[in-house]
Each structure stands twice: as C-alpha cells, then as structure tokens.
Amino acid sequence: MAIDPAIVGKELPATTSTVEAGRLRIFAKAIGETDPIYTDAEAAKAAGHPDIPAPPTFLFSIELEQPDAFADLAEAGVDLRFVLHGEQSFTYHSLAYPGDVLTATPRITDVYSKKGGALEFIVKETAVTRPDGSPVADLKAVIVVRNPGVGR
C-alpha cells in the first residue's frame, strides 16, 4: 500500500520528559558507552560538566515514551511488520543533563519510494527543546517500509 504523501508536514504529538540520571546511566550501559562521564557524576564533573550528560543518541528515546509510539505509522497505513530503521542523525545545539525538562516535537518532512514502490521512505524530523523554547537538538529519522507484494 502506498503511503499517502499528504502526511508530509504533519506534526505528530509532542512528548515532554524530565531527564533522570539513572535512566542516562542505564541507556549508556545499554549502548555500550564506556566513557565514565556518562555513568559517573564525579567523572563528568572532573571533565567540566555539571552532572552526567545525556549520551549522544539518548534524545531519540524521548519519543518512545508515547503510549503508542508507532501510532502515527499505523494511521498512515503502514504495516509495522515491514518497518525497518533506515537512518538516524542528530544536530546538537546544547547538552542535556539530569533534571532538564525536554520536549520532542516530531513532524513528517518527506515521503518517497524506490524500486518501483517496493521500498517506501518516511522522513521524520524532531525538534527537542527546553521549556523556554531554546533548542537542544534536531533529530532526523528515515523509516523504511518494505512492500513485499510489489515488484514480484
């Protein structure tokens, strides 16, 4: 099923979350981060941080706190059994630390297909900001949807 290009420009529900030190440590360990600034507050302070900083890819997890983090894909008619993670990039404006309240506001910025529709792509860009509106990071994710019945 072709993804309707009318979803381009659609703003998805924002998620607000308070960054917690324990969660940052668990995330750092889960991704195999070995730099102690991400798990030890004293090491972080010795390196010039006020506390442990959020690991580089942590901000992506904020959006996953929605009760149904993939509802937007299902609403677009995407069969989640055929979804692949295609690409992810981050542009940082400032670091996040425990106690920071962050809001992730995603929107769909592009939809396109390749291989005669066998592969469809959804580009989602997310602005992560503080309550005063100051930017923390801009995230970009490319979601690939396989259409197994196309091209066979």
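The values are calculated or read from the model by the stated rules, or taken from the named source; none is laboratory data. In this text, all values refer to a predicted model and were calculated from it rather than measured experimentally. Neighbour counts are summed over all protein chains in view; Cβ atoms, including those assigned to glycine, are modelled from backbone coordinates with ideal geometry.
Restricting the range 8-31 to residues that are among the β-branched types (Val, Ile, Thr) and crowded, with 18+ Cβ neighbours inside 10 Å leaves a set whose member that is farthest from Leu73 (Cα to Cα) is Val19. Being modelled with pLDDT under 95, surrounded by fewer than 17 Cβ atoms within 10 Å (Cβ to Cβ) and at negative phi holds for only one residue in Gly117, Gly77, Gly86, and it is Gly86. Taken as a whole, the condition of being in contact (Cβ under 8 Å) with a residue 12 or more places away in the chain, surrounded by 15 or more Cβ atoms within 10 Å (Cβ to Cβ) and of a type in the set (Asp, Glu) applies to Asp72. Do we have Leu102 as touching a Lys or Arg at 6+ places or on another chain (Cβ under 7 Å), assigned by TED's automatic domain parsing to the domain that holds Val136, surrounded by 14 or more Cβ atoms within 10 Å (Cβ to Cβ) and closer than 30 Å to Gly133 by Cβ here? Yes; evaluated as a whole, the condition is true for this residue.
Can you find a residue that is without any contact (Cβ under 8 Å) to a residue 60 or more places away in the chain and under 27 Å from Pro5 (Cα atoms) anywhere in the range 94-111? No, because not a single residue in the range 94-111 is without any contact (Cβ under 8 Å) to a residue 60 or more places away in the chain and under 27 Å from Pro5 (Cα atoms). Among the residues of the range 9-48, the ones that are in a helix (DSSP H, G or I) and touching a residue at least 12 places away in the same chain (Cβ under 8 Å) come to 8 in all. Residues in the range 85-142 that are over 14 Å from the mean Cα position of the chain (by Cα) and among the acidic types (Asp, Glu): Asp100, Asp110, Glu120, Asp132. Every test in (1) out of contact with any Pro (no Cβ under 7 Å at 6 or more places or on another chain); (2) farther than 30 Å from Gly149 by Cβ; (3) in the same structural domain as Ser134 (by TED's automatic domain parsing) is passed by Phe90 save one, and that test is (1).
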